[in-house]
Amino acid sequence: MAEFTSHPAGSPCWVDLSSTDVASSVDFYSRLFGWQAEFDDRPETGGYGQFYRNGKSVAGIGPTQGAGRPTTWNTYFATDDAGKVTESVREADGTVVAEPMEIMGEGIMAAFQDPTGGYFGVWQPERHIGAQLANEPGTFTWCELATRDPEAAKVFYGRVFGWAVDSQLLAGGSYSTWLSGGRQVGGMMPMSEQFPPEMPAHWLVYFGTANLDMTLAQAEGLGAMVRYGPRAIDDLGRFAVLTDPHGALFALWEAKSDTR
C-alpha cells in the first residue's frame, strides 16, 4: 500500500467532495471504490466526514456551502504556511475565496481561485496530515488543471507554489506537468473544443483502478456517465473522465503496470 505520514509542501495532499446529497454520494463512492465513510456528529463539523480504505483516510465529503452550488471534487495542496500562500495568491492576481481558518485542531485550510478560473485549496496540517493512502487503485492518484489560459496559469502557480513546468506532447496533444522540487505534483492541459464552452477552468481529480473497463461498467451501473474515453496515453496507461450521479466530474486512471 502507498501509505503516507506527511506530504511535502506544494504537493497535493487531500481531495474532498462537496455534495448536494451527501448520503447518496457516500453510497456511490463506497460501492465504486470500497470506501467506508465516517462522520463526526459534533455541530461544528458542519456535516463533514471522511472516507477510509483499508482503515486509512483517502478523501473527505461534506455538503455544498450555499444554495445553487454544484456537487464537485476539490483539490488541496500541502503548505507549511497557509497565510503566506494567501498573500502570494493576492500578489499573483488570484482570488481569496476563504481566508485561512483553523479546523478544530486538525489543520488550517484556505481556498482560492486562480486567474484562469480554477478553484483549489491549501492545507496546513496539524493532527490531520491529509490522505494516509494514495497512488494505488481505489485512491487519489493525480490532479490536473484544465484551463483556457495555460500561460497565465504557469505564471500564477509558479509565483504561488514555486512550481516549474515540463511541457511535452502526449498522444498528439500538448500536456504540461507541474514540478515542485523536481517532483511531479500534477498536470495541466489546455481546454480545447472537446470541452463545452460553458465549462470553467477546473482541477480534475483522478482515482486509480486496476481494471478500467470493469470500473467504468460498475460506475455506469451506479448512475455515473462517461464523458470522455477510455483513452490510452502513450505507454503510460489508460484513463476516462466521468460525472457521478450528481454531476461531479472525476477521472479514473489505469496505469500500464496495473493492466489486466
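Here are some notes:
- Prolate/oblate/rounded label for the range 1-152 (Cα gyration tensor, a/c 1.5): rounded
- Between Met214 and Ser24, the C-beta separation translates, for a Förster distance of 25 Å, into a calculated FRET efficiency of about 0.65.
- Gain upon complete extension [Ile233, Asn54; 0.36 nm per residue less C-alpha separation]: 61.5 nm
- Here the simple spin-label model places points 7 Å from the Cα toward Cβ, and for Arg148 and Asp81 these points are separated by 3.6 nm.
- The candidate values are (1) 29, 21, 16; (2) 25, 24, 18; (3) 30, 25, 16; the one derived from this structure for semi-axes √(5λ) of the Cα gyration tensor in Å carries the label (2).
- 28 Å Cα-Cα reach of Lys56 towards lysines, excluding residues that sit fewer than 8 places from it in its own chain: Lys256
- Under 28 Å from the Cα of Lys84 - lysines, other chains or at least 8 residues apart: Lys154
Every number in this text was worked out from the coordinates using simple rules, so none of it is lab data. Here the structure is a predicted model, which is why all the values come from computation and not from measurement. Every residue, glycine among them, receives a Cβ derived from its backbone with ideal geometry; neighbour counts consider all protein chains shown.
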